[in-house]
Amino acid sequence: MKKTLLCWLAALGAAAVIPACGGAAGDKSLSGLDRERFRSEVNGRPTDLYTLTNAAGMEVCITNFGGRIVSVMVPDRTGTLRDVVLGFDNIADYVRIPSDFGAAIGRYANRIGHGRFVLDGDTVRLPVNNYGHCLHGGPDGWQYRVYEAHQPDPQSLALTLHSPDGDAGFPGAVTAKVVYRLTEDNAIDIAYEATADRPTVVNLTNHSYFNLSGDPTHPILDNLLTIAADGYTPVDSTFLTLGRIDSVGGTPFDFRRPKAIGAEIDSDDEQLRNGHGYDHNWVLATAGDLSRPAARLVSPVSGIALEVFTDEPGIQVYVGNFLDGTVRGKHGIPYAHRTAVCLETQHYPDSPNKPQWPSVVLRPGETYHSRCIYRFSVDK
């Protein structure tokens, strides 16, 4: 612990001068990241690695490639710092291996059915990249773009992206801003804003893969999950929402009280078969109240707890069903089946084609706002 504390103090001092993980050549973040391996160019734009630190000893590293959270170091029940998100330890792998690890997803998170929707009487056609649907903005979504970065202080990072009219088929030029702020109570507060010069659709989220044990080889099936939701949106075999809201009562989707993720994940249930496990949107009962937790996740191994707060109406829960060990992440560790859980706050999937659901339309003169807060603590 003494060595960890000294390393953290050194990192904090460096961050006040140089806003990036690893202040000088060869320096590394608490999670072992080397800044030099993130300094590159993608599509002619410079990439880098930035660090956020607070007085409690927490550290978050973020790259402006895709606005991705690369590492999150939080203390476990013994005070030992653990990295609780999956990702890569260099830009080359983020570019070479398609993934959503830690990304700021846009212009539309989740699926738009069959890659098309009608807006103000005009049919918009989008590229399809997932079972015939447009997922996470298509094959060239914002997770593969380089954001402009500005770090005003050691606890916050502002990322800006300009998406032109017709980008990936979406109408309207959009300017989006994502601000990450690390609070003193060990929360990552993410604020999204966007404006457009023509009517369009916007739905932004963060796609961090959490493993609160701090051991990415340890499955997350023993994690206790709570979701403040009485309903969820069922899907077909192509993962597209059916357009209705079903009750979670009496189903494996009832997480209104803490329940191990693996308790019913292999039940004989059509929705679990369609999703290959949990990969569904829950309809939150929090009514956009940021003071009420939308979800809570606890690792019995580390004691690390994660609470999620949001003003969004839904949360997509995905438990790494398609991780299969073929992708090696930080420190060369293979990411195996169900070794992470994503908690993506957002509007409901395929909302542009579901007029009965909250609108995702953004018009000129309006500003899109969304908040997601990931707050970490310890269950003794």
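The values are calculated or read from the model by the stated rules, or taken from the named source; none is laboratory data. Because the structure is a prediction, the values reported are computed rather than measured. Virtual Cβ from ideal backbone geometry, glycine too; neighbours counted across all protein chains shown. These area figures cover heavy atoms from the full protein model, side chains too; ligands, DNA and RNA do not enter into them. Shrake-Rupley method; radii C 1.70, N 1.55, O 1.52, S 1.80 Å.
So the values come out like this:
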read-out	value
Where residue 310 falls short, out of the listed (1) of a type in the set (S, T, N, Q); (2) open to solvent by less than 10 Å² (accessible area, probe 1.4 Å); (3) farther than 19 Å from residue 348 by Cα	(3)
Criterion (within 26 Å of residue 309 (Cβ to Cβ) and open to solvent by 10 Å² or more (accessible area, probe 1.4 Å)) met by exactly one of 226, 233, 217, 238	226
Which numbered condition residue 64 fails, given (1) open to solvent by 10 Å² or more (accessible area, probe 1.4 Å); (2) in contact (Cβ under 8 Å) with a residue 60 or more places away in the chain	(1)
Output for the range 288-307, where each listed residue is surrounded by fewer than 20 Cβ atoms within 10 Å (Cβ to Cβ) and in a loop (DSSP other than H, G, I, E, B)	288, 289, 290, 291, 292, 293, 300, 301, 303
Evaluation of residue 175 against (1) closer than 25 Å to residue 73 by Cα; (2) open to solvent by 40 Å² or more (accessible area, probe 1.4 Å); (3) touching a His at 6+ places or on another chain (Cβ under 6 Å) (one fails), failing number	(1)
Residue satisfying all of: in the range 154-172; open to solvent by 20 Å² or more (accessible area, probe 1.4 Å) and over 26 Å from residue 124 (Cβ atoms); farthest from the chain's Cα centre (by Cα) among these	154
Candidate set from the range 91-115 (those that are of a type in the set (Val, Ile, Thr) and over 11 Å from the mean Cα position of the chain (by Cα)); member that is farthest from residue 71 (Cα to Cα)	112
Residue in the range 313-354 that is most open to solvent (accessible area, probe 1.4 Å), counting only those that are assigned to a helix (DSSP H, G or I) and in contact with a strand residue (DSSP E or B) (Cβ under 8 Å, 6 or more places away or on another chain)	353
Selection within the range 274-305 - touching a helix residue (DSSP H, G or I) at 6+ places or on another chain (Cβ under 9 Å) and among the hydroxyl-bearing types (Ser, Thr, Tyr)	278
Search result, residues across the range 292-322 that are closer than 18 Å to residue 192 by Cα and of a type in the set (Ser, Thr, Tyr)	310
